[in-house]
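Asker: Dropping a structure here in structure tokens format, bear with me for questions.
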Amino acid sequence: MNGILDKILVCAALGASAGYAVYSLGPRALRRRLAEGLSLAAGRTPQGLGLRRMMQRLAAAAAGKVPGACGGCDSCGEETAAAKPGAEADVPAEVSVPVSKIGRRA
């Protein structure tokens with residue numbers, strides 16, 4: 001019996017880890033749908049389990065706009081690229097430093 005319980009717990013931990021990886025690394029639309037589905041599932045559970053607060057947080061996450069990497073407006077890099085149309089031409093392709101100029105840190 002303990003061997004079966006151990007295997008169930010390990011499978012549950014691996015499943016939770018894989019689910020979190022898919023949720024974190026997956027597309028934003030998938031995250032929103034997962035949050036919405038989990039919110040609905042938590043709403044159907046009995047009130048005695050205490051999942052109402054989690055349901056409210058998931059519903060808020062599903063309803064709100066998912067921010068970009070910086071937490072801003074989801075247009076990362078577009079303004080800076082549009083502001084300097086020839087900025088890439090100013091940057092040299094390669095920087096060469098002679099080996100004799102590289103010093104050791106003390």
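Asker: The conditions are (1) in a loop (DSSP other than H, G, I, E, B); (2) at pLDDT 80 or above; (3) surrounded by 10 or more Cβ atoms within 10 Å (Cβ to Cβ); (4) not aliphatic (A, V, I, L, M), and SER96 fails exactly one of them. Which is it?
Answerer: (3)
Asker: If we scan the stretch 42-52, do we find a residue that is surrounded by 10 or more Cβ atoms within 10 Å (Cβ to Cβ) and among the hydroxyl-bearing types (Ser, Thr, Tyr)?
Answerer: Within the stretch 42-52, one or more residues are surrounded by 10 or more Cβ atoms within 10 Å (Cβ to Cβ) and among the hydroxyl-bearing types (Ser, Thr, Tyr).
Yes or no, residue by residue, for (1) assigned to a helix (DSSP H, G or I); (2) modelled with pLDDT under 80; (3) of a type outside the set (Asp, Glu):
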site: ARG32; (1), (2), (3): yes, no, yes
site: ALA59; (1), (2), (3): yes, no, yes
site: ALA69; (1), (2), (3): no, yes, yes
site: ALA81; (1), (2), (3): yes, yes, yes
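The values are calculated or read from the model by the stated rules, or taken from the named source; none is laboratory data. These figures come from a predicted structure and were not determined experimentally. All Cβ positions, glycine included, derive from the backbone under ideal geometry; neighbour counts span all protein chains shown.
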